[in-house]
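The values are calculated or read from the model by the stated rules, or taken from the named source; none is laboratory data. In this text, all values refer to a predicted model and were calculated from it rather than measured experimentally. Using ideal geometry, Cβ is built from the backbone for each residue, glycine included, and neighbour counts are taken over all protein chains shown. Surface accessibility is based on the protein's heavy atoms, side chains included, excluding ligands, DNA and RNA. Shrake-Rupley method; radii C 1.70, N 1.55, O 1.52, S 1.80 Å.
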Amino acid sequence: MTEDAAKFPAVDPIRAALSASCPRCGNGRLFYGLTKPRASCSSCGLDYSFIDAGDGPAIFVILLADLLVVGLAVWVEINYQPSIWLHILFFGPLAIGVSLWLMRVMKAWLIAMQYRHNASQGAIDRD
Ligand SMILES: [Zn+2]
């Protein structure tokens, strides 16, 4: 990927994650739909077959979404004591929405970091 650095300026992984764009050029779309990676970048042609985010995004989503939504729910309960129906109607959809958005962002971020650090599955070289 050293020749990539000569042709394409470095893309900030956070910017690539927030826009779910190609980790090499920052322009092409990374996903079909919510989190399914495309075969390649429509802008620069980067082959996305190297992508292997695994279960990594899920643990970040579980930790961060729970911290945000449950923390906000506890804060609202302590300060305003609304009825349980308000909690269900507000925090239920909020938890789902935050989780879906965060899953997309975290997966794109992990892919961008994988590309930046040229990370791949470990292999034993016996030569
Ligand atoms: Zn690209």
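Based on DSSP H runs of at least 4 residues, each adding -39500 (n - 2.57), what is the mean residue ellipticity at 222 nm of the chain after dividing by all its residues, to the nearest 500 deg cm²/dmol?
Mean residue ellipticity, 222 nm, calculated: -19000 deg cm²/dmol.
Beyond 11 Å, what percent of the Cα pairs of segment 34-73 remain?
72 percent
Rolling a 1.4 Å sphere over the protein heavy atoms, what is the accessible area per residue of the chain, to the nearest Å²?
67 Å²
What's the angle, to the nearest 10 degrees (0 to 90), between helix 84-116's Cα axis and the longest principal axis of the chain?
Once rounded, the angle reads 10 degrees.
Beyond 27 Å, what share of the Cα-Cα pairs of the chain remains, rounded to the nearest whole percent?
Cα-Cα pairs in the chain separated by more than 27 Å: 35 percent.
Can you compute the charge dipole magnitude of segment 13-116 about its Cα centre, using +1 on each Lys and Arg Cβ and -1 on each Asp and Glu Cβ, nothing else charged? Give it in debye, rounded to the nearest 20.
Its charge dipole is roughly 480 debye.
What is the percent carbon and sulfur in the accessible area of the chain, measuring with a 1.4 Å probe over the protein chains and ignoring ligands?
62 percent
Compute the angle between helix 56-80 and the longest alpha-carbon principal axis of the chain, please, reported from 0 to 90 degrees and rounded to the nearest 10.
Taking the Cα atoms of the chain, the angle to 56-80 is about 20 degrees.
Could you rank the peptides 100-111, 80-91, 41-52 by their average count of other C-beta atoms within 10 Å per residue, with the highest value first?
Taking the mean over residues of other Cβ atoms within 10 Å, the ranking is 100-111, 41-52, 80-91.
Report Rg(Cα)/(2.2 N^0.38 Å) for segment 74-127, keeping two decimals.
2.06
Relative contact order of the chain, please, whole-number percent, based on alpha carbon pairs below 8 angstrom and at least 6 residues apart.
Relative contact order comes out at 32 percent.
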